Structure formats: C-alpha cells, structure tokens
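Below you'll find the structure, written out as structure tokens, and then a few comments.
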Amino acid sequence: MKYFSENPEMKETRQGFADALLEVGKTNKNLVVLGGDVTGSVKTNLFRDAYPDRFISVGVAEQDMIGTAAGLALAGKIPVASTYGEFATGRPFDQIRQSVAYSEMNVKICASHCGITVGPDGATHQSFEDVGIMRILPHMNVITPCDYNQTYKAVKLAIETVGPFYVRFYREKSPNFTDMNAPFEFGKADTLIDGSDVTLIASGLLVWEAIAASERLSKEGISAGVVNMHTIKPIDKQTIVKCAKKTGLIITCEDHQWTCGLFGAVAEVLAIECPTKMDFIAINDTFGESAVFAGDLMRKYEIDSEAIYNKVKKNLSKTKK
C-alpha cells in the first residue's frame, strides 16, 4: 500500500519534534521541556522562547536532566528530556533504568542527532547503540520515525500516552515522504510496498533508502516489499511473521549497530515464531568517523540504497543456487 510521495521535499526530523512540542504546548499546560545545553541544535529553543516558564536548562548534566524529569513526572507534569542520542542514553543510563523505567515514570526522552548522519561531529556523537540500550529496559517504549511528518506524529503520541518513551530522530534534512494524514499506529508497522521475493524491514532514515532500492529492484523483476518498522518496542510481531511466511527472506535496514537494534528485535521474533533466512544492513560492529557530508558516511558504511540493492541481489543469488 503506497501512501508516500515519490518526489518528497527535504525537511529535518528534529523540526518535526520541535513543531510537535509547540503544538501540544498550546493546550497542555503540564508539558515541561528539559534541555541539555544543546537547545539550539535539537530545536528546543523554540519551545523555550514560546513557553519560558515551562522550560528548564540543566546544562551539560544529563544524569541530572533525567532525575529532574522523573521528579517532575512524580509531580504530575509531562517532562520531555532532549539532547543528542549518544548523551541521552549513554551518560544517564543508570538514572533512566532506576528513576524512569523501573519506576514507570511518565518521562519522554527525545533524542536528536542519532545515527551516522551527524557528519562532522564524528564518532563521539554518533549514537549506534541507543536503540539497543533503550529496548532492553522493561516498560520502555521505543520509536524511530522515518521523516518529519512521522516524527511530528510520534512525538505527539508519546506525550499523550502515559509511560516512558524513547523517540529517536536526526540532524540532517531528509526526504519527507509519508502522508501527514496517514494514521500513526503505535506498535503497528506500515507496509509501504508489498513484495513477494524479499521483505525489507527498515527504520528511521533507512526507510527511504529501502524504498529507493525496492523501486530499482522492481525494474529487474525482483519484488521487494518495504515495511516501515517505526516502533521498535513493542515490535509488531504479526507483521514480521506475515512477511517472513510470504517472502522467505527478511533483510533489516537501520543506521544502528546490527547486534542490538532492529535486526536483533526482528531476529528474536523470528527465532521463536517463524525461523526465516535473514540478513541486515546496519553498522557492523564499529564506530563511525567525521565527514562533511552525511551521504558519504552512508556510502562508506554501506547503509544506503545501493548497499540494500546489492544485499538483496546477493541473497537471492544464493537462494537460486
């Protein structure tokens, strides 16, 4: 089922986050935003300027940001804590585990600058492990939206849904291809393209790359389905099993370490429910590096549409043999 644009405009997912905060902030006076000294980069400065009495800057003190957010949740507020993905999950892990997840606090951790496309900021700022860190925590919900429109809807849903949430998005502009009017169903994957030879289960920025690879493959008579797995936890087991039974080959696509992110989550489902041939497009057990252009890094680390295309061809050639 296609409900996406084939010639989308380029927009920042972090702007979708900021716009959702501004929209919800108009009517929900309990919404409080906490910033970790990068307010301009993650665009929480827009909320600060609009609602200064509901914004708290904690500086470079991520552990304190999470602890403060938990305290605000106990007081009946809806805190949104935001910084870069690497610093939102790595530095305050103990506080997230004990004060948010274990205590089931209504805290929303919204992380920008995730994945490899941070570019010039380099390996120290490229979060390849954040989804794995968050999804292993009981009670934690994990969403990786694919574009501006879906980020806007995901952030609104997280704020309006009681419980701990982790929402992951990006720095660079990317194709804004999904229909803003299409429903965002938490925990339910979007089947963007039906396929019969292989299913590409993708998340985040790799959804658009999977679409591009699928369209290229279709010109060669290869039917590659594309599933947007925007909710990593709770993951849509039913859609995963359905696709596995239909195509017999699943390839996950993500800008994250392959061992603990989308591939791991999908593999866990299939290992129990429906053992299936699998492969992955992901960061392969390495750290990143700096580059002027994000696209150069995606090509080097083989997580772009070309890499997906080649991976499908390789797997299908093995199947034929």
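The values are calculated or read from the model by the stated rules, or taken from the named source; none is laboratory data. Just so we're clear, the structure is a prediction, and the values are computed from it rather than from any experiment. Quick reminder, even Gly has a Cβ in these numbers, built from the backbone with ideal geometry, and neighbours come from all protein chains shown.
Going by the conditions given, is A265 in a helix (DSSP H, G or I), buried (at least 21 other Cβ atoms within 10 Å of the Cβ) and touching a helix residue (DSSP H, G or I) at 6+ places or on another chain (Cβ under 6 Å)? Reasoning before the result, please.
Details: in a helix (DSSP H, G or I): yes; buried (at least 21 other Cβ atoms within 10 Å of the Cβ): yes; touching a helix residue (DSSP H, G or I) at 6+ places or on another chain (Cβ under 6 Å): no.
In short, no.
Set side by side, the residues A202, A154 differ, and just one is buried (at least 24 other Cβ atoms within 10 Å of the Cβ), over 29 Å from K277 (Cα atoms), of a type outside the set (D, E, K, R) and modelled with pLDDT of 95 or more, which is A154. Can you tell me which residues in segment 277-321 are among the polar types (S, T, N, Q) and in contact with a helix residue (DSSP H, G or I) (Cβ under 7 Å, 6 or more places away or on another chain)? Selection gives S290, S305. As for segment 126-137, it holds at least one residue that is hydroxyl-bearing (S, T, Y) and within 18 Å of the chain's Cα centre (by Cα). For segment 311-318, the count of residues that are outside the structural domain of S174 (by TED's automatic domain parsing), within 30 Å of D121 (Cα to Cα) and part of a helix (DSSP H, G or I) is at least one.
For residues in segment 29-57 being aliphatic (A, V, I, L, M) and modelled with pLDDT of 95 or more, which is farthest from F17 (Cα to Cα)? Residue satisfying both the conditions and the ranking: I56. Summed over segment 68-114, the residues that are closer than 17 Å to V131 by Cβ and in a helix (DSSP H, G or I) give a count of 10.
Scanning segment 272-305 for residues that are touching a residue at least 60 places away in the same chain (Cβ under 8 Å) and assigned to a helix (DSSP H, G or I) gives A294, L297, M298, S305.
Filtered by the rule that a residue be part of a loop (DSSP other than H, G, I, E, B) and closer than 21 Å to A70 by Cβ, segment 36-50 gives G36, D37, V38, T44.
Selection of segment 1-35 for residues being part of a helix (DSSP H, G or I), acidic (D, E) and in contact with a Lys or Arg (Cβ under 8 Å, 6 or more places away or on another chain) yields only E23.
Could you tell me whether any residue of segment 28-42 is under 19 Å from the mean Cα position of the chain (by Cα), under 30 Å from D179 (Cα atoms) and in the same structural domain as F169 (by TED's automatic domain parsing)? Yes: one or more hits.
Taking the criterion of being in contact with a His (Cβ under 9 Å, 6 or more places away or on another chain) and more than 18 Å from Q63 (Cβ to Cβ), would at least one residue in segment 91-103 satisfy it? There is no residue in segment 91-103 that is in contact with a His (Cβ under 9 Å, 6 or more places away or on another chain) and more than 18 Å from Q63 (Cβ to Cβ). Scanning segment 114-122 turns up no residue that is over 18 Å from the mean Cα position of the chain (by Cα) and more than 28 Å from D285 (Cβ to Cβ).
A count restricted to segment 240-263 and to residues that are of a type in the set (G, A, S) and under 23 Å from I222 (Cβ atoms) stands at 2.
Those residues that are among the hydrophobic types (A, V, I, L, M, F, W, C) and crowded, with 19+ Cβ neighbours inside 10 Å, I need them from segment 271-290; list them, please. Passing the criteria: F280, I281, A282, I283. Out of D94, D53, D19, D64, one residue alone is in the same structural domain as T151 (by TED's automatic domain parsing) and either of a type in the set (S, T, Y) or closer than 24 Å to Y148 by Cβ (or both). It is D19.
Considering segment 220-247 alone, what residues qualify as being closer than 13 Å to V312 by Cβ and surrounded by fewer than 20 Cβ atoms within 10 Å (Cβ to Cβ)? Give the derivation first.
First pass over segment 220-247, keeping only residues closer than 13 Å to V312 by Cβ: 220-226, 247.
Within segment 220-247, E220, G221, I222, S223 qualify.
One residue stands out in segment 1-36 among those that are surrounded by 16 or more Cβ atoms within 10 Å (Cβ to Cβ) and of a type in the set (F, W, Y): the one that is farthest from S214 (Cα to Cα), namely F17.
Scanning segment 215-270 for residues that are farther than 25 Å from I133 by Cα and hydroxyl-bearing (S, T, Y) returns S218, S223, T247. Scanning segment 290-321 for residues that are of a type in the set (G, A, S) and under 25 Å from I250 (Cβ atoms) returns S305, A307, S317.
Mind checking which residues of segment 223-244 are in contact (Cβ under 8 Å) with a residue 60 or more places away in the chain and touching a Lys or Arg at 6+ places or on another chain (Cβ under 8 Å)? Of everything in segment 223-244, those that are in contact (Cβ under 8 Å) with a residue 60 or more places away in the chain and touching a Lys or Arg at 6+ places or on another chain (Cβ under 8 Å) turn out to be T231, I232, K233.
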